[in-house]
Amino acid sequence: MITDGIKNFLLKCPYLENDDIGVDFLGSEAFDYTIEIMPGETLIKKYTDGSTYNQISFVFASRNFYGRDNLQNTLFYEKFAAWLNECTKNGILPDIGENLTPEAIEAQSFGYLYSSGATIARYQIQCRLTYFKKC
């Protein structure tokens, strides 16, 4: 439910060029998107009543046109990160399921070139969702 909530939330980003985001799958065309859950510790804090404060780290990646000037690709990720911050600031967060209360969604890196071909490249940004799980 958490991954689905993140996906549905990111689909609301006004900077996306299409209306689909894969999960652990990134197509080969420009403006394809995916989210990929990253391995790592999820528990941040455990409370005496059994409730927990957690995190899920993920990569948001895209295929973009690639060439001599890639400024638009970099600007997309700057705007994307700012959008995540603005959503958190305004309390607009993913619906991740019953007994789970999202606290923040944020970029944890700048968007960066991950791999490239002659005309298409993969760019990505590392992100994190923190949430409270009521026992």
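The values are calculated or read from the model by the stated rules, or taken from the named source; none is laboratory data. As the structure is a computational prediction, the values presented were derived from the model and not from experiment. Glycine also receives a Cβ, built like all others from the backbone with ideal geometry; neighbour counts cover every protein chain displayed. Surface areas here come from the heavy atoms of the whole protein model, side chains and all, with no ligands, DNA or RNA. Shrake-Rupley method; radii C 1.70, N 1.55, O 1.52, S 1.80 Å.
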Notebook entry, point to check: Rounded to the nearest 5, what is the percent of antiparallel bridges among the DSSP beta bridges in the chain?
Noted result: 95 percent
Item checked: With Cα atoms, 0 to 90° folded angle of helix 71-89 axis to the chain main axis -> 20 degrees
Next item on the list: May I ask for the net charge around residue 13, where only other residues with Cβ less than 15 Å from the Cβ of residue 13 are counted and Lys, Arg are +1 while Asp, Glu are -1?
Entry: -4
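Given a 1.4 Å probe, how much area per residue of the stretch 71-117 is accessible, in Å²? It would help to have the intermediate numbers written out before the result.
Values: 2830 Å² over 47 residues.
Value returned for the stretch 71-117: 60 Å² of accessible area per residue.
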Checklist line | Karplus 3J(HN,Hα) series, Hz, for the stretch 53-64 with 6.51 cos²θ - 1.76 cosθ + 1.60 (x for Gly, Pro) | finding: 10, 10, 9, 10, 9, 8, 9, 9, 10, 8, 9, 9
Item checked: the stretch 1-53 - Kirkwood radius from inverse mean 1/r over Cα pairs (Å) -> 13.3 Å
Next item on the list: Return the label of the correct value of P(r) over Cα pairs in 5 Å bins from 0, in percent, as calculated from the structure shown, out of (1) 2, 9, 16, 18, 14, 12, 10, 8, 7, 3, 1, 0; (2) 2, 9, 14, 16, 13, 8, 7, 6, 5, 4, 4, 3, 3, 2, 1, 1, 0, 0, 0, 0; (3) 2, 10, 20, 23, 18, 12, 7, 4, 2, 1, 0, 0.
Entry: (3)
Item checked: Protein accessible area in the chain, 1.4 Å probe - carbon and sulfur % -> 49 percent
Notebook entry, point to check: Accessible area, 1.4 Å probe, largest first: how do 122, 68, 63 sort?
Noted result: 68, 63, 122
Note to self: Below 15 angstrom from the Cβ of residue 108, what's the summed charge of the other residues (Lys, Arg +1; Asp, Glu -1)?
What the structure shows: -4
